[in-house]
1. Which of the following residues is among the charged types (D, E, K, R) and within 18 Å of Trp123 (Cβ to Cβ): Glu170, Glu175, Glu189, Glu205?
2. Restricting attention to the stretch 126-148, which residues are within 15 Å of the chain's Cα centre (by Cα) and surrounded by fewer than 19 Cβ atoms within 10 Å (Cβ to Cβ)?
3. Could you list all residues from the stretch 126-142 that are modelled with pLDDT under 95, of a type in the set (A, V, I, L, M, F, W, C) and over 19 Å from Glu103 (Cα atoms)?
4. Go through Ile32, Ile61, Ile100 for me and flag whichever is among the hydrophobic types (A, V, I, L, M, F, W, C) and either farther than 30 Å from Leu206 by Cβ or in the same structural domain as Asp234 (by TED's automatic domain parsing) (or both).
5. Name the strands (runs of 3 or more DSSP E) wholly inside the stretch 9-112 in which the number of residues that are touching a Ser or Thr at 6+ places or on another chain (Cβ under 9 Å) and free of Cβ contacts under 8 Å to residues at least 60 places away in the same chain is 1 or more.
6. For the stretch 217-261, which positions are under 22 Å from Gly115 (Cβ atoms), among the aliphatic types (A, V, I, L, M) and within 25 Å of the chain's Cα centre (by Cα)?
7. Which condition number does Asp119 fail, the rest of (1) farther than 30 Å from Lys208 by Cα; (2) modelled with pLDDT under 95 being met?
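The values are calculated or read from the model by the stated rules, or taken from the named source; none is laboratory data. Since the model is a prediction, treat every value here as computed from it, not as a measurement. In this analysis, Cβ positions are derived from the backbone assuming ideal geometry, glycine residues included, and neighbour counts consider all displayed protein chains.
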Amino acid sequence: MKRLVLLINGNLGLEVLRYVISHKEAEITGIIVNTSNKRSSTYLNLIKSVLLEHDQVVPVIPYEDMASDYFEIKKLLRHSDFGISALFGHVLPQALLEDINCEIINLHPSLLPIGRGADPIPWSIIDQQKQGITLHIIDSGLDTGKILSQKEFTTDIGMNSGEVYDLATELLLKELVRIFPSWIKGSMELSDQADVTGSIHTSKELEKVRVIKSDDVGTFAEFLRRLQALTFSDGRKPLLIDESDRLWSIDISVTPYGEED
């Protein structure tokens, strides 16, 4: 029986929890969730519901409760064989990682080294980069660890960030399920990330481009990509500011010719 700690957020995190809690060779030692400003107000209750469904009692700890000295997370990770990070919105500090033997993998929605850091999907749309998923070992860098698995998938100009995100998270879960038995047995081969120029962004960068001025985008294709990149599945949409400083929310639909509703 392998002991695992989960660092989770979002629907993908819940699906990872459901999978691991049902696996006969895994035991969850603890669950760490995002700080309150990075998770939904109902997330803790959703986790507790999953645990209740499986008659499991597992400590669920918000990251803010341990971020000051990391004592609790160190103790948890030292008593675990593996960890899974799924949309966990915090970078584990190097001093913490150096003090544990627990191997943690991260489920990342981009084709690393493309899309390191925050918001990889919208930036890949804006920058016309490939879309994909990566499962990699967490190390002291930001999304720089060795790769367990990586897959590219095809998108088109009709897909916005929300649609690409839904596809990416679905594929991340499928790939985790596929490799999980081999990974916890230690039989997975690791590979280095490609030696190519990648990209890296912070959360604040995307907010700076969310409001579009009528004259700050060059070609129509660039404008369209930006609109698609800023349309999320949680309802967030791009904003346009006009000459009188009035803000407009933009809805956009792009469909193949001849396939309109």
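1. Glu205
2. Ile137, Leu142, Thr144
3. Once the filter is applied, which keeps residues that are modelled with pLDDT under 95, of a type in the set (A, V, I, L, M, F, W, C) and over 19 Å from Glu103 (Cα atoms), the stretch 126-142 yields only Ile126.
4. Ile100
5. Numbers: elements: 26-33, 60-62, 82-86, 103-108.
It comes to 26-33, 60-62, 103-108.
6. Scanning the stretch 217-261 gives Leu224, Leu227, Ala229, Leu230.
7. Failed condition: (1).
Residues checked against (1) in contact with an Asp or Glu (Cβ under 9 Å, 6 or more places away or on another chain); (2) assigned to a loop (DSSP other than H, G, I, E, B):
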| residue | (1), (2) |
| --- | --- |
| Thr155 | yes, yes |
| Gly158 | no, yes |
| Leu173 | yes, no |
| Ile179 | no, no |
| Val196 | no, yes |
| Phe232 | no, yes |
| Glu259 | no, yes |
